[in-house]
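For reference, the structure discussed in these notes is given below.
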Amino acid sequence: MNDVDATVTRIQQHYGIIFPQDYLEFIRLHDGASFDLMQGTEVEDWDIRFHVLDSQFIAKNAKLVDEVNPDPQRIIPIAWSVSSGNNYLLDFRQNEERPSVLLMEHEMAMVREDAESEAETSEEAQQLMEENVQLIAAHFGAFAALLQPRSSLE
C-alpha cells in the first residue's frame, strides 16, 4: 500500500465509509484538473476542483464545511467551485455503496448555530440544515457525466 492509499484508507476509516471506486479513479485520472458543470449546453457552475485526498482532507472539511453540513459524518465534501464557492458532496446516508451527490450553494447555506437558535426543536434545526443541500446526481458517475474539463487557456 502506498502513501496515497494509506491516506485514503485513513479518511475512509474516519468517516466510516468506502469511497466509490469510480470517484477514486476519476480523481486519480484528473488530478488537479478543473471542470465546468453542464446542464445540456449551458454552463451551470464553473471552475470546479476536487479536494485532494491528503492528510489535510478531514481538517479542511471540518473547518470549511462542517458548520453548514447537515450530517458531517455521512455527507463528505469532495469538490468546490472556485467561481461560486458552492460545494459538491457525497451523501452516504441512503446508499453506502453508491452515494448520491449533493450540491450545497455557498450563499444559501445556514450555519448550524443559526439553525439551532431559530428552531424550537432539534428536529426543526436539523430540517433547516437539510435545506442547505440538494440532490444533483443519483451517484458519482452521473455527476461526473455532467462535468466538462475546462480548457487551460481560460
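The values are calculated or read from the model by the stated rules, or taken from the named source; none is laboratory data. None of the values given here were measured: they were computed from a predicted structure. Note that each Cβ is placed from the backbone with ideal geometry, even for glycine, and that neighbours are counted across all protein chains shown.
Does at least one position in region 15-27 carry a residue that is on the phi > 0 side of the Ramachandran plot, at pLDDT below 95 and surrounded by fewer than 13 Cβ atoms within 10 Å (Cβ to Cβ)?
No, the conditions are met nowhere in region 15-27.
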- Matching residues in region 112-146 - criterion: being among the aliphatic types (A, V, I, L, M), farther than 23 Å from Asp36 by Cβ and loosely packed, with under 13 Cβ neighbours inside 10 Å: none
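Just to verify a result, which residue in region 45-69, among those that are of a type in the set (D, E, K, R) and in contact (Cβ under 8 Å) with a residue 24 or more places away in the chain, is surrounded by the fewest Cβ atoms within 10 Å (Cβ to Cβ)?
Asp54
Could you list, in sequence order, the residues of region 1-35 that are aliphatic (A, V, I, L, M) and within 13 Å of Ile78 (Cα to Cα)?
Val8, Ile11, Leu24, Ile27
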- Near pairs, Cβ below 9 angstrom, 6+ apart or cross-chain, from region 130-154 (at pLDDT 95 or above) to any residue that is among the basic types (Lys, Arg) and part of a loop (DSSP other than H, G, I, E, B): Ala138/Arg98; His139/Arg98; Phe140/Arg98; Gly141/Arg98
- Mind checking whether some residue in region 34-46 is touching a Lys or Arg at 6+ places or on another chain (Cβ under 9 Å) and not hydrophobic (A, V, I, L, M, F, W, C)? yes
- Query: Does Pro20 satisfy the condition of being under 11 Å from the mean Cα position of the chain (by Cα), within 23 Å of Glu130 (Cβ to Cβ) and not polar (S, T, N, Q)?
  - Reply: no
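Are any residues in region 48-67 within 25 Å of Ala125 (Cα to Cα) and in contact with a helix residue (DSSP H, G or I) (Cβ under 7 Å, 6 or more places away or on another chain), and if so, which ones?
Selection gives Ile58, Glu67.
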